[in-house]
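Worksheet for the structure shown next.
Nothing in this text is a laboratory measurement; each read-out follows from the coordinates by a stated rule. Predicted, not measured: the structure shown is a model, and the values here were computed from it. Cβ coordinates were reconstructed from backbone atoms using ideal geometry, including for glycine residues, and neighbour counts include every protein chain displayed.
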2 protein chains.
Amino acid sequence: MGNNEFVKEITNIEEDFAKWYTDIVLKADLADYTDTKGFVTIKPYGYAIWENIQKYADEEFKKVGVKNAYFPCLIPESLLNKEKEHVEGFAPEVAWVTHGGSEKLEERLVLRPTSETIIATMYAKWIHSWRDLPLIINQWCNVVRWEKETRPFLRTREFLWQEGHTVHETFEEAEEFSRKMIVVYKKIIEDLLAIPVLEGKKTEKEKFAGAVNTYAVEAMMHDGRALQAGTSHNTGDNFTKAFHVAFQNREGKEQFGYHTSWGVSTRLIGAIIMAHGDNRGLKLPPKVAPIQAIIVPIAAHKEQVVVESKKLLNQLNQKYRVEIDLRDNYSTGYKFNDWEMRGGPVRIELGPKDIENGHCIIVRRDTAEKITVKLNEVENKLKEILDQIQSNMFHSCMERMKQKTTIAHTLEELEGIFETNQGFVKAMWCGDVACEDKIKESTGAHARCIPFEQENLGNTCVCCGKEANTMVVFGRQY
Amino acid sequence: MGNNEFVKEITNIEEDFAKWYTDIVLKADLADYTDTKGFVTIKPYGYAIWENIQKYADEEFKKVGVKNAYFPCLIPESLLNKEKEHVEGFAPEVAWVTHGGSEKLEERLVLRPTSETIIATMYAKWIHSWRDLPLIINQWCNVVRWEKETRPFLRTREFLWQEGHTVHETFEEAEEFSRKMIVVYKKIIEDLLAIPVLEGKKTEKEKFAGAVNTYAVEAMMHDGRALQAGTSHNTGDNFTKAFHVAFQNREGKEQFGYHTSWGVSTRLIGAIIMAHGDNRGLKLPPKVAPIQAIIVPIAAHKEQVVVESKKLLNQLNQKYRVEIDLRDNYSTGYKFNDWEMRGGPVRIELGPKDIENGHCIIVRRDTAEKITVKLNEVENKLKEILDQIQSNMFHSCMERMKQKTTIAHTLEELEGIFETNQGFVKAMWCGDVACEDKIKESTGAHARCIPFEQENLGNTCVCCGKEANTMVVFGRQY
């Protein structure tokens, strides 16, 4: 089988990005469709990516004082109804449990779409004094939202995520914490996933149902579209009032706490696919790759090759996530393509001549570069190469984000950009939701965020021409 | 507040074990009741125990080739109905989702009580050839069973668990793997949780709905009752036939695979509480304790004490899970009791005189022994002490299990034992379910298992007096 034969099965990324995406999800063994409509299975290779994200994120969370817990997956309807904006935002898209065993339930239960309501009822029991604050708890769990159109990892009726929920003494402290989590998310996505993000505040129109302020990290995909990669909400006392989460403050008076919530989900796997992938398939950043290096023995029918390859495996797998491909029913060429498609950061080729010469060949997935490395140096050299790949992948994305970020001063300019090009467009905005609506209607782009790093691009609104002091980044979204 | 005042709040363990249990769950901050009837919240301290179990178990699983994945939490009713025994076993106790958003679903969905059915449909898609086998996948997830009576950790409408599902080429291989997982579970429970277990095969009456053979590890609690701590099922080709999980075998013919499934759950936290706890509260084995050592500064109003205590913390928390109790609104006596109640394996006292003498006092939770340790030796000495505690706790449980394991030759003897005493009772059994039923009716005891290590206690059935070749262990259960 020729080297290119296998790759042809993947749709060209420039021709049909959506179909390319689905091809990668299925052919790289990340996920699969199921008999439950709108639900996918995350396969072991995809799940291992999620495990690496969890591990990294969980360590970062613990550094800022987060403890994990677990709350019920079913929430009584009456609880969901307690916070007005929240129920309006979520009620249309939840799954309802109406029967337990053969009996009809007295009150319907909702399968959590998010857990603010049930967690707030617990916090009301647990919090009594300012000494109990801040309370900083996270849960790793599944959530269900009855989406109409679904795509693996990006929008499915069930997904896995973490949701952190904190309570603080003051609004300012909640505000500070919700912004701190954006810094944490930025680190996870940039350092681990090698995807640069834009961080900022959501507009009133785009914020979370029940939040005072929503902050987000926004990433740019291969086609220039935006993907909301993580959000952090300061819900002020909206939930704490509705659920009576009150405490005795330092002055001995009863007051309501201030709540934040923040989450990232298995959507991040979609972000990895769409930010890094190419026509050869998935491309995984070494730090998050389940298999960082795959050893492919050349002429594997020769016993010595297998012996030396296994020796190399044992030498490397103390420090790295390494596997060996000993499948005897596939050609070497097929294996090369297969591992490129699965996004393995490097493959290590070892054949009879290499062994003779005391070296191996390390092939980079990102640049296709072949590097000859002495066998007694491979342990250290591999680290160097993986670090370079991680850094190179980040900078490639950063370069794209810079290239595809433009400025618009008028609605015509904005429309023109989105007709020919996707990307982030910076523009001044008056703050009126009517302008936001109009821009969405004529360009299909949403306000991604009001970036923390503001620039002065003039003082008139890109849409209505009235006075404007706020720079917004617009983009079409996933 | 005197040293005993605090402890008085816990029900005496010998007077009302059930109430003692609930006291510990709530007062040691392990779990709490919620507004969703029959559902509990696992609080951070309880969840941290689960995280330690997960981490240990996951590493053991990976050693036998297990990979993790994630399958949908909702299963179409038609799938549940495909395996006859399975649906009969589970249908009466499941939660039904009937509506998504505002629309009634065409087909009801069941919130997974276990995932054999949905996983088998995926395996049918994934498995084609003997080369795809064995397939060894596990998922960590929540499951829901509509229990009528609930108790935190032991029996709740939702619990967390892992469920492994494998497919093999032959029945023998499936049999071998299902028994291998019992060895893994035994290690987890004995080595990590310091609870000795009895391992064996379930009787036909007690086996899993859909299994050919069910194996279990059974633990004995403080009151002598049994707790099923983990199960492993060889379901043969029951599910693979029902879901057409077929493959081309080495002879090129199509055949059905052989399936196993196995699980442990947050029930193990209940086992820890009930196997080790005493009248001072929870008692956690060091290996699974979220906080292995708690530093309690004596005369903490003195600056030097706090400085030296923090120094000790920093010295120890690289190697151990250590925290410091600097709460200024509680007395030292209260703190001592509080940490004993929370089951911390040791507390480390450090006061002005100790600092002067260059030592600290380590107090063991299991024996109340006070050990004076030089500050420059504490790092190594702590390991020694924690190891001793772990070992001592295991042997205490083992001693109890030995003492409370008796032999019965007749139904009268069996009845007599269960009237005066709980525990494991060994007896010969003819294999007839009628005898099992009769024993259950007259003693309240179930056949726990047919132990792998059989003994010959005679050759007549304890119940009917007919010929018997099988030794069964009976016990009342949680």
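Given DSSP loops and a limit of at most 15 other Cβ atoms within 10 Å, what is the longest stretch of chain B that contains no such GluC sites (Glu not before Pro)?
Details: sites that count: B:GLU5, B:GLU14, B:GLU15, B:GLU149, B:GLU204, B:GLU251, B:GLU369, B:GLU377, B:GLU453, B:GLU455.
So the longest stretch without any such site is B:16-148.
Could you pull out the pairs from B:LYS27/B:LYS148; A:LYS67/B:LYS287; A:LYS63/A:LYS374; A:LYS283/A:LYS370; A:LYS186/A:LYS311; B:LYS37/B:LYS186 whose alpha carbons sit more than 28 Å apart here? Exceeds cut-off: A:LYS63/A:LYS374; A:LYS186/A:LYS311; B:LYS37/B:LYS186.
May I ask what percent, to the nearest 5, of DSSP beta bridges between residues of the stretch A:210-366 are antiparallel? Antiparallel bridges make up about 70 percent of those DSSP assigns within the stretch A:210-366. Extent of chain A along its three principal axes (Cα atoms, max minus min coordinate, largest first): 79, 57, 47 Å. Counts of other chain beta carbons within 10 angstrom of each beta carbon in peptide A:25-38 average 4. Other protein chain C-beta atoms within 10 Å of residue C-beta, averaged over A:156-163: 2.
Each Lys or Arg adds one and each Asp or Glu takes one away; over the other residues whose Cβ falls under 13 Å from the Cβ of B:THR443, this sums to -2.
Computed over the stretch A:235-353, the quotient of the alpha carbon radius of gyration and 2.2 N^0.38 Å is 1.89. Checking every one of the chymotrypsin sites (Phe, Trp or Tyr not before Pro) in the stretch B:416-468 against DSSP loop status and a limit of 13 other Cβ atoms within 10 Å picks out B:PHE452. What shape does the stretch A:102-245 take by its C-alpha gyration tensor, where a ≥ b ≥ c are the square roots of the eigenvalues and a/c under 1.5 counts as rounded, a/b above b/c as prolate, and the rest as oblate? Since a/c reaches 1.5 but b/c is at least a/b, the shape of the stretch A:102-245 is classed as oblate. Here the Karplus curve 6.51 cos²θ - 1.76 cosθ + 1.60, taken at θ = phi - 60°, turns the phi angles of the stretch A:367-381 into couplings of 10, 6, 5, 9, 10, 8, 10, 5, 4, 7, 10, 5, 4, 7, 5 Hz, with x standing for Gly and Pro. Within straight-line reach of A:LYS440, meaning a Cα separation under 19 Å, sit the following aspartates and glutamates at least 8 residues removed in sequence or on another chain: A:GLU204, A:GLU206, A:GLU218, A:ASP223, A:GLU412, A:GLU413, A:GLU415, A:GLU419, A:ASP432.
With label points defined 7 Å past Cα in the direction of Cβ, position B:LEU457 shows copy-to-copy spacings of 8.2 nm, given to one decimal and shortest first. Between the stretch B:106-160 and the stretch B:265-306, the alpha-carbon centres lie 34 Å apart.
Against chain A, whose longest principal axis is taken from its Cα atoms, helix A:116-126 shows a tilt of about 70°. Would you report the distance distribution of C-alpha pairs in the protein assembly as shown as whole percents per 10 angstrom bin, up to the bin with the largest distance? P(r) over the protein assembly as shown, rounded to whole percents: 2, 10, 18, 22, 21, 16, 8, 2, 1, 0.
Sorting the Cα pairs of the stretch B:1-141 by distance into bins of 10 Å, from 0 upward, gives 9, 22, 28, 23, 12, 5, 1, 0 percent per bin.
Enter the Cα centre distance for the pair the stretch B:419-478 and the stretch B:372-389, rounded to the nearest angstrom. With the stretch B:419-478 and the stretch B:372-389 each reduced to a Cα centre, they are spaced 46 Å. Using the Karplus relation 6.51 cos²θ - 1.76 cosθ + 1.60 with θ = phi - 60°, the per-residue 3J(HN,Hα) values for the stretch B:246-252 come to 10, 8, 7, 7, 4, 8, x Hz, with x marking Gly and Pro.
When B:HIS409, A:HIS233, A:HIS86 are sorted by how many other C-beta atoms sit within 10 angstrom of their C-beta, beginning with the fewest, the order is B:HIS409, A:HIS86, A:HIS233. Restricting attention to the protein assembly as shown, close to 85% of DSSP beta bridges with both partner residues there are antiparallel.
Relative to the longest principal axis of the Cα atoms of chain B, the long axis of helix B:433-443 makes an angle of roughly 30 degrees.
Please compute the alpha carbon radius of gyration of the stretch A:161-304, then divide it by the globular-protein estimate 2.2 N^0.38 Å. Two decimals is fine.
That ratio works out to 1.45.
Neighbours of A:ASP191 by Cβ distance under 15 Å: Lys/Arg scored +1, Asp/Glu scored -1, total -1. Helical runs assigned H by DSSP (4 residues or longer) give chain B a calculated mean residue ellipticity at 222 nm of -10500 deg cm²/dmol, each run adding -39500 (n - 2.57) before division by the residue total. Principal-axis analysis of the Cα atoms of chain B puts helix B:411-420 at an angle of about 30° to the longest axis.
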